[in-house]
Amino acid sequence: MNMQANNGNLQRLDQSHHLHPFTDFRDYAQHGGRIFSRAEHIYIYDSNGHKMLDGMSGLWCCNLGYSQQSIVDAVTEQMQQLPYYNNFFQCSNQPAIELAKALVDVTEDRFNHVFFTNSGSEANDTNLRLVSRYYQLQGRPEKKHIISRKNAYHGSTIAAASLGGMSGMHEQTNGLDYIHHIEQPHWFEVGPDEDPDAFGLRVARQLEDKIDELGESNVAAFIAEPVQGAGGVIIPPDSYWPEVQRICDERDILLIADEVICGFGRTGQWFGSQTYGIKPDLMTFAKAVTNGYQPLGGVMVSDKITDVLLNHGGEFSHGLTYSGHPAATAAGLATLKILRESNIIANAADNVAPHFQARLKELEAHPIVGQVRGRGMFAAVELVSDKTSREKLAPESAGAVFCRNTANNLGLMVRQTGNAMIMAPPLICNTGEIDALVDMLSQALDATAKHYG
Ligand code: PLP
């Protein structure tokens with residue numbers, strides 16, 4: 001299809017009939033957006049032929065970029081062999097079985113079982129079903145309250161949106177009343193006048209306070225991302241996770257690590273839980289498990305939970321038509337094969353990420369940059385109008401939106417969250433490509449400073 005010739009028509013159809021996620025429908029119907037038609041390596045091309053370096057790995061999922069032929073081949077072969085069959089009612093399929101084993105292998109000794117879903121949102125719903133069944137079976141149904149964090153993103157189903165802590169989503173959601181939110185470990189936003197480690201301990205201890213407030217016998221679990229991604233790549237102070245782990249251990253609270261963004265190499269190790277020494281009882285994954293090539297998510301379930309569910313559970317009344325879909329799990333298997341047989345994660349951690357973080361850190365000298373924070377292969381650049389007072393650059397995040405749009409037009413796909421510019425480039429980037437990313441961002445910052453500074 002000649003995309004460029006067809007572009008005007010596609011734009012019109014898109015604006016007329018397609019409701020986009022996290023989009024102002026009216027604004028989109030009036031102004032439209034960018035239609036992507038092709039991708040290669042770390043570059044995406046829109047239907048006008050505009051080439052962009054994808055500084056976001058799609059939506060934090062294409063960690064290996066867009067030219068992984070072995071994943072395409074695996075999915076194609078699987079579609080020819082067995083395009084679909086379900087895993088209900090004592091049925092299974094080969095790629096789902098093999099991916100379950102591969103996931104157990106890469107999560108080391110921590111997990112022996114996986115439950116597949118199609119997305120991270122459904123995986124977090126599954127977490128709630130598993131947790132509630134786990135306590136019910138032990139005769140403790142009142143242990144049902146879940147603690148999460150403000151500004152967290154855990155997905156968009158009702159349960160996942162309730163777990164999330166984004167005020168805009170809560171305003172539009174009749175959320176679950178047994179989910180509670182404590183402060184996020186966002187030092188720059190919440191506690192910049194405190195010593196970072198003291199701040200980390202203080203916000204971690206809000207978990208203990210919340211447990212006391214609700215009653216330990218009523219609290220089931222705490223859920224968090226190792227590094228809060230969509231909230232703004234919020235890097236916790238070093239003191240934070242050990243204290244959270246201590247509290248969960250001592251207070252008989254299950255710990256759920258949402259690794260939907262952090263998993264599969266983003267933080268420098270396979271999982272953010274390894275990077276931060278977290279020992280989760282349940283672990284949510286999605287996105288990069290298939291390199292974004294197929295929709296797939298799931299939950300890694302520890303023996304602590306399966307010991308109860310397997311031995312005393314009877315039927316677990318939960319499942320999705322496409323749980324363990326053969327084509328999606330074939331994509332997952334091919335993705336894990338690349339990750340296990342290459343040195344992509346180690347190379348990104350040892351060679352690319354230090355360069356990425358160092359080059360971005362230089363931007364802290366820029367007049368409108370208040371903080372650069374990051375870990376491994378993701379980072380945030382916080383925009384301010386005054387470095388000392390940390391006043392935000394412009395009302396309603398307008399400065400950051402301007403900066404993002406400028407970067408997009410220059411050929412860099414980055415994301416804006418609040419007043420921060422967010423980046424999560426593919427792990428396969430080399431240092432020259434990282435330089436190109438930082439240079440385009442830097443030009444966008446200059447233009448933004450001129451406009452808003
Ligand atoms: N959890 C986290 C940490 C996420 O970042 C996301 C999506 O961005 C989700 C869950 C939801 O995943 P999905 O969009 O696949 O439902």
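Throughout, read-outs are computed from the coordinates displayed, never taken from laboratory work. Predicted, not measured: the structure shown is a model, and the values here were computed from it. Counting neighbours? That spans all protein chains shown, and the Cβs are built from the backbone with ideal geometry, glycine included.
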Yeah, region 189-290 with a ≥ b ≥ c from its alpha-carbon gyration tensor (a/c under 1.5 is rounded, else prolate when a/b outruns b/c, oblate otherwise) is oblate
Working out 0.36 nm times the residue gap between Gln15 and Asn405, then minus their Cα-Cα distance, what length gain in nm do you get to one decimal? 138.4 nm
3J(HN,Hα) from dihedral phi, region 61-73, Karplus parametrisation 6.51/-1.76/1.60, rounded to Hz, x for glycine, proline: 10, 8, 5, 9, x, 10, 10, 9, 4, 5, 6, 4, 4
Please arrange Ser442, Ser16, Ser323 by counting, for each residue, the other beta carbons lying within 10 Å of its beta carbon, fewest first. Ser16, Ser442, Ser323
Please list, in chain and number order, the residues 5+ apart from Leu412 or on another chain whose amide H is under 5 Å from its amide H, with Hs placed from the backbone. Leu53
Which value at 222 nm does the chain reach when only helices count, each DSSP H run of 4 or more adding -39,500 (n - 2.57), with the total divided by all residues and rounded to the nearest 500 deg cm²/dmol? -13000 deg cm²/dmol
Rounded to the nearest 0.05, FRET efficiency between Glu315 and Phe25 (Cβ-Cβ, R0 41 Å) equals 0.50
Please work out how many pairs of lysine residues in region 70-341 are eight or more positions apart (or on different chains) and have Cα atoms closer than 25 angstrom. 19
Just check region 213-368 against the gyration tensor rule for me: Cα atoms, a ≥ b ≥ c as the square roots of the eigenvalues, rounded for a/c under 1.5, and otherwise prolate or oblate depending on whether a/b exceeds b/c. oblate
Mean-position separation - Cα centroids, region 248-269 and region 335-405, in angstrom: 22 Å
In terms of the charge dipole of the chain, which places +1 on Lys and Arg and -1 on Asp and Glu at the beta carbon, the residue among His20, Asn87, Leu176 farthest towards the positive end is His20
Would you be so kind as to identify which of Gly268, Val308, Gln206 lies farthest towards the positive end of the dipole of region 70-341, taking Lys and Arg as +1 and Asp and Glu as -1 on Cβ and the Cα centre as origin? Val308
Please list the non-local residues whose amide H lies under 5 Å from the amide H of Ser385, H modeled 1.01 Å from N, same-chain partners needing a gap of 5 or more. Glu391, Lys392, Leu393
Farthest towards the positive end of the dipole of the chain, among Ser389, Met413, Ile223 and with Cβ unit charges of +1 on Lys and Arg and -1 on Asp and Glu, lies the Cα of Met413
Distance from region 16-80 to region 292-314 (C-alpha centre basis), Å: 30 Å
Amide H within-cut-off set for Arg38, under 5 Å, with H built and near neighbours excluded: Tyr45
Subtract the Cα-Cα distance of Gln90 and Thr388 from 0.36 nm times their separation in residues, and report this length gain in nm to one decimal. 101.0 nm
Looking at the chain, which longest stretch skips every one of the chymotrypsin sites (Phe, Trp or Tyr not before Pro) that is in a DSSP loop with at most 10 other Cβ atoms within 10 Å, leaving the sites themselves out? 90-453
What is the antiparallel percent of DSSP beta bridges lying wholly in region 70-341, to the nearest 5? 45 percent
Reach of Lys361 by Cα under 16 Å, taken over lysines that are not fewer than 8 positions away in the same chain: Lys387
So, with points 7 Å from each Cα along the Cβ direction, the Glu213-His355 label distance in nm works out to 4.7 nm
Nearest 20 debye, what's the magnitude of the dipole of region 161-294 about its Cα centre given +1 on Lys and Arg Cβ and -1 on Asp and Glu Cβ? 620 debye
Taking 56 Å as R0, compute the FRET efficiency from the Cβ-Cβ separation of Gln81 and Glu364 and round it to 0.05. 0.60
Using alpha-carbon pairs under 8 Å, 6+ residues apart, how would you state the relative contact order of region 70-341 in percent? 29 percent
What is the dipole size for the chain, taken about its Cα centre, with +1 at each Lys and Arg Cβ and -1 at each Asp and Glu Cβ, in debye to the nearest 20? 820 debye
Looking at the square roots a ≥ b ≥ c of the eigenvalues of the Cα gyration tensor of the chain, which shape do they give, rounded for a/c under 1.5, prolate if a/b is larger than b/c, or oblate? oblate
Where the only charges are on Cβ atoms (+1 Lys, Arg; -1 Asp, Glu), what is the dipole of region 353-444 about its Cα centre, to the nearest 20 debye? 220 debye
